[in-house]
Amino acid sequence: MKPRVLSGVQPSGNLHIGNYLGALKNWVRLQHDYECIYCIVDLHAVTVYQEPKELLSKIRETAALFLAAGIDPKISSVIVQSSVPAHAELAWMLTCVTPMGWLSRMTQFKAKSEKQETVGSGLFQYPVLMAADILLYQAAIVPVGDDQSQHLELTRDVAQRFNSLYGDTFVVPETKLPAVGARVMGLDDPLKKMSKSEPGAGHAIALLDPPDVIRKKFARATTDSNPCVDFGGLAPGVENLLNIFQAFAEWPDERMRSHFAGMRYGELKKQVAEMVIGRLEPLQSRYREITSEPGYLDGILREGADRVAPLANATVDLVKSRMGLYVRP
Ligand code: TRP
């Protein structure tokens, strides 16, 4: 049996090339060697207020983009978290074994709660729900960015605590970070990781941006006051542009150097834009196909949920019996 991989993404919309190069592309590759479950974590999204209509359309957009990016629903399961009720069920049981002190240490909670007028208790429990997503499927490998490593460490702690209280129940997952360091920075501020929540129009290249928008955004990207590429001292913005090109083109370092050394920034930006446009084109046309066929996406999401539900329910029953809860015969 292939080891199981699980990862999740919030349906916050506007998936961008940083999400693609940092996560999605890696997920597509993993699906041949592992049994993969990719989860759109809508229950995590509502830990802060979401406009209901917008949330629903973002969930659909995210799912369609997963498929358009190359996640193959025949070999991997694409699921919407809330459509498999066992996620919420297991989260409750794990909540009961998770000390509040562990959760108060989470840096993401501190950062997010500072921005809210009132903080729902779900935001505090956020990492426990994430632990449930992972432990529910006994996933061995969890590919996430380094911003999630504290949550993953907590997942391991919760699994170990449950195992020691109630006997061996959960696989304790490992983290797995992308092998190639595709860390994409903001075009307007190359010292900040490209982010979905950054407001500036010139910050991120969304996966569904049309070609002329992509050209404009790259044309405005921050560089430095030098006229051309100097590998002896690359400004962060220039390095970011080169990294983006290289991650899409998959050129080796030597080819990058000989091609770009001494190139004027204007020309560099044009070439990066055309590379990105060319690579996104097939994804965008698949996205249009997927979303124009009525019922197709819902069918995939239903199949995904149906496929994983027996696994999820088996774990919930096991947890119930370990804890002495009543298991419906
Ligand atoms: N917290 C993750 C993020 O914001 C999303 C997530 C939820 C997740 N459940 C998960 C990631 C399970 C990996 C595994 O990026």
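In the set (1) of a type in the set (Ser, Thr, Tyr); (2) open to solvent by less than 30 Å² (accessible area, probe 1.4 Å); (3) more than 17 Å from the chain's Cα centre (by Cα), the condition left unmet by residue 83 is number (2). Across the stretch 145-181, the number of residues qualifying as under 24 Å from residue 309 (Cβ atoms), among the aliphatic types (A, V, I, L, M) and out of contact with any helix residue (DSSP H, G or I) (no Cβ under 6 Å at 6 or more places or on another chain) comes to 1.
Within the option set 150, 125, being in contact (Cβ under 8 Å) with a residue 12 or more places away in the chain and farther than 25 Å from residue 182 by Cβ holds for one residue only, 125. Candidates 195, 258, 225: the one that is of a type in the set (Ser, Thr, Tyr) and open to solvent by less than 40 Å² (accessible area, probe 1.4 Å) is 195. In the stretch 194-280, counting only helices (runs of 4 or more DSSP H) that sit wholly within it, the ones holding 3 or more residues that are of a type in the set (A, V, I, L, M, F, W, C) span 211-219, 236-249. Taken over the stretch 1-16, the criterion of being more than 11 Å from the ligand (Cβ to nearest atom) and in contact (Cβ under 8 Å) with a residue 60 or more places away in the chain is satisfied by 3, 4, 13, 14, 15, 16.
Against the numbered list (1) basic (Lys, Arg); (2) within 30 Å of residue 168 (Cα to Cα); (3) assigned to a helix (DSSP H, G or I), residue 328 comes up short only at (3). No other residue among 121, 104, 76 is hydroxyl-bearing (Ser, Thr, Tyr) and either within 19 Å of the chain's Cα centre (by Cα) or within 15 Å of the ligand (Cβ to nearest atom) (or both) apart from 76.
Name the single residue, out of those in the stretch 17-29 being within 14 Å of the ligand (Cβ to nearest atom) and touching a Leu at 6+ places or on another chain (Cβ under 8 Å), that is most open to solvent (accessible area, probe 1.4 Å).
Going residue by residue through the stretch 17-29, those that are within 14 Å of the ligand (Cβ to nearest atom) are 18-19, 22-24, 26-27.
From the residues that got through so far, the ones that are touching a Leu at 6+ places or on another chain (Cβ under 8 Å) too are 19, 24.
Details: 19: 35, 24: 6 Å².
Selected residue: 19.
Within the stretch 36-52, can one find any residue that is acidic (Asp, Glu) and open to solvent by less than 20 Å² (accessible area, probe 1.4 Å)? Looking for residues that are acidic (Asp, Glu) and open to solvent by less than 20 Å² (accessible area, probe 1.4 Å), one finds at least one in the stretch 36-52, hence yes. Which is within 12 Å of the ligand (Cβ to nearest atom) and of a type in the set (A, V, I, L, M), of 132, 206? Among 132, 206, only 132 is within 12 Å of the ligand (Cβ to nearest atom) and of a type in the set (A, V, I, L, M).
In the stretch 311-327, the condition of being farther than 23 Å from residue 94 by Cα and touching a residue at least 60 places away in the same chain (Cβ under 8 Å) is met by no residue.
The values are calculated or read from the model by the stated rules, or taken from the named source; none is laboratory data. Every value quoted in this text rests on a predicted model; they were computed, and no experiment measured them. Here Cβ is always computed from backbone atoms with ideal geometry, including for glycine, and neighbour counts include all displayed protein chains. Note: accessible area is taken over every heavy atom of the protein model, side chains too, but ligands, DNA and RNA are not part of it. Shrake-Rupley method; radii C 1.70, N 1.55, O 1.52, S 1.80 Å.
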